[in-house]
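Quick note: the coordinates plus some simple rules give every number you see, no bench work behind them. A quick note: this is a predicted structure, and the numbers were derived from the prediction, not measured. Neighbour counts are summed over all protein chains in view; Cβ atoms, including those assigned to glycine, are modelled from backbone coordinates with ideal geometry.
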Amino acid sequence: MRLDDWFLTGEERGNDATRLAPWTRGNLVRPLIHGATYFRELRDRLAALGKGGLLLFADWRGDPDERLTDDGPGVGAAIARAAERGALVRGLIWRSHLDFLRFSSAENRHLGEEIEAAGGQAVLDTRVRSGGSHHQKFVILRHDGAPERDVAFLGGIDLCHSRRDDGLHLGDPQAAPMPRRYGPRPPWHDVQVAIGGPAVAEVEQVFRERWGDPAPETRQPLHRLRDRLAHMADVPALPEPGPPPPEAGTHAVQLLRTYPHLRWAYPFAPEGERSVARAYRKVLARARSLVYLEDQYLWSTDVIEPFAEALEREPELRMIIVVPRYPDQDGWLAGPASLIGRVEALSRLMRAGDGRVALYDLENHDGTPVYVHAKVCVVDDVWASVGSDNVNLRSWTFDSELSCAVLDEREDPRPPAGAGLFARQLRLALAAEHLDRDPGEVDELCAPRTVFEAFAESAARLEAWHRGGRRGPRPPGRLRPHPQPELNRFRKALAMPLYRLVVDPDGRPPRLRRSGGF
């Protein structure tokens, strides 16, 4: 397998200003399915980080009191203790919108203040487009004299309330506000990856580029004054980076990002960066058998077009999609506008796929819907991506995002041939959970047609049980057929401006907007 058949070349990334390598080899990437799995490992790793260590993190939302395990510690305390033991701690936290909009302005500030008090440094970063966000979610831990222990975590999981759920999907005891239909402890499905090997240094470079941006962290005078009074406006230089960690496995890793086009250009991305979008377009042009997608939103006909083109081109290509049943607080904010993109996108996919596209949501064994926050895509069991980016124009052009694409240079020995071991194992692990199967009983699901039919049959049985009044034993499985909402023309006309401006805005340079390119 030629890596540049699937990965973007340096030129194809479209950003000559970055110092990121096109990709690295010799990595070990481990999927951490569920927030509880990630938080447990993060707790242990933070507890082992001491003098001479380096802790760098970036987050969309951080709740300092969010417990990493049932008995703690909280996120803020765990990070602060590392700083107190002598680790160098630096953080980039999105300043966020006001709390009355159900975001996290106060929580993010409190996390930053707790880290500052322990001797670390955290910046509330608003160097984004108006209405945009820093949506990247990653943590880097490096160890003086023990580079083989270095690790980077990245994906869809924020260091905040509602994320610490496990495979039972009973929800995090520390719940964030969500629609009542998700219950008092909203069940939450999410995925992060842990990276060991040379790619750790590349994730560190992502942090260093943002940290070294000379633009002020905020252009609001009152915010700048408050930050200075709280000693949160200082951005001390980072020490020189150490050498990359040694090789640890057989995984080639490419980091993919989104940065918007700004008037005050990022020095590391003068016209922004849209390598997330470009990677999807390149990979989908190679798709032949199966696209497996878990996504929080799935909005925008602009973004869905390469998926539709692949379905039209390949008569044997199938697509399985797992999404939330109901919108989250973003849907609460936007109302009908939050449905427009999904209605249009699904209509396009269904026309293109002609019976080869299946859409599902999830519930736990109590029948409570599970909020799907994961951002995972597996194409032909070769290319796999886990990150912070959703399948919408906002994530592909407007907010900052970070994703990890993986090609395993080991082939899975199970038929059909040609699959990478990492991509196939990730897809099968997710399928085992959704179908209530033992992880050792999924080999037959390697075949695209078989897994497509297994998902459909499981969802149909569970749906029939619900429609029949839930009589008799509940069938195994968590999948439900996802309803396809409809909006009449009047509601569409009213909501479309809000959808374009707020829900799914476009952050491309004007010339690319006009051409439709990324």
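Scaled to the globular estimate 2.2 N^0.38 Å, the Cα spread of the range 50-97, given as radius of gyration, is 1.20. Over all directions, the projected convex hull of the C-alpha atoms in the range 442-484 averages 3.6 nm² in area. Only the Cβ atoms of Lys and Arg (+1) and of Asp and Glu (-1) were treated as charged; on that basis the dipole of the range 352-395 about its Cα centre amounts to roughly 200 debye. Remark on the chain: ratio of C-alpha radius of gyration to 2.2 N^0.38 Å is 0.92.
Think of each Lys and Arg Cβ as +1 and each Asp and Glu Cβ as -1; about the Cα centre, that makes the dipole of the chain roughly 1420 debye. Selection among His251, Leu20, Ala308 by position relative to the dipole of the chain gives Ala308 as farthest towards the positive end (Cβ unit charges, Cα centre).
Comparing His434, His110, Trp299 along the charge dipole axis of the chain, the residue lying farthest to the positive side is Trp299, per the Cβ-charge model. Does a label point 7 Å from the Cα of Glu409, set along Cα-to-beta-carbon, have any residues of the range 11-32 with amide nitrogen under 16 Å, and which are they? 22-29, by backbone N distance to the label point.
When you filter the trypsin sites (Lys or Arg not before Pro) in the range 1-66 for DSSP loop state and at most 10 other Cβ atoms inside 10 Å of their Cβ, you are left with Arg2, Arg19, Lys51. Between the residues Leu339, Leu170, His189, the greatest Cα displacement towards the positive end of the dipole of the chain, with unit charges on the Cβ of Lys, Arg, Asp and Glu, is found for Leu339. A Förster radius of 41 Å combined with the Cβ-Cβ distance from Asp354 to Ala21 puts the calculated FRET efficiency at roughly 0.50. Working from Cα positions, state the angle (0 to 90°, nearest 10) between the long axis of helix 35-47 and the longest principal axis of the chain. Around 20 degrees separate the two axes. Using only Cα atoms, find the angle between the long axis of helix 275-284 and the longest principal axis of the chain, and express it within 0 to 90 degrees, rounded to the nearest 10. Approximately 30 degrees, to the nearest 10.
Here the label points at Leu168 and Ala464, each 7 Å from Cα along the C-beta direction, are separated by 3.0 nm in the simple model. Taken over the chain, lysine pairs spaced eight or more positions apart, or on distinct chains, with alpha carbons under 28 Å apart number 5. As a calculated quantity, the FRET efficiency between Arg511 and Arg181 at R0 = 45 Å, using C-beta atoms, amounts to about 0.55. Shape call for the range 255-371 from the C-alpha gyration tensor, a ≥ b ≥ c root eigenvalues: rounded (a/c under 1.5), prolate (a/b greater than b/c) or oblate? Oblate. Considering only the Cα atoms of the range 373-459, their convex hull presents on average a projected area of 6.4 nm².
Here the Debye sum runs over all C-alpha atoms of the range 143-192 as equal scatterers in vacuum, and log10 of I(q)/I(0) at q = 0.19 Å⁻¹ comes out as -0.65. Working note: Cα atoms of the range 23-182, range along each principal axis, descending, whole Å: 49, 36, 36. For the chain, averaging the sequence separation of C-alpha pairs within contact (under 8 Å, six or more residues apart) and dividing by the residue count gives a relative contact order of 17 percent. Charged side chains reduced to their Cβ positions (Lys and Arg at +1, Asp and Glu at -1) give the range 1-51 a dipole of some 460 debye around its Cα centre. Seen against the Cα atoms of the chain and their longest principal axis, helix 301-313 is set at about 50 degrees. Rounded to the nearest 0.05, the FRET efficiency derived from the C-beta distance between Ala447 and Ser130 at R0 = 45 Å is 0.40. What's the center-to-center distance, using Cα atoms, between the range 366-403 and the range 279-322 in Å? Answer, in whole Å: 13.
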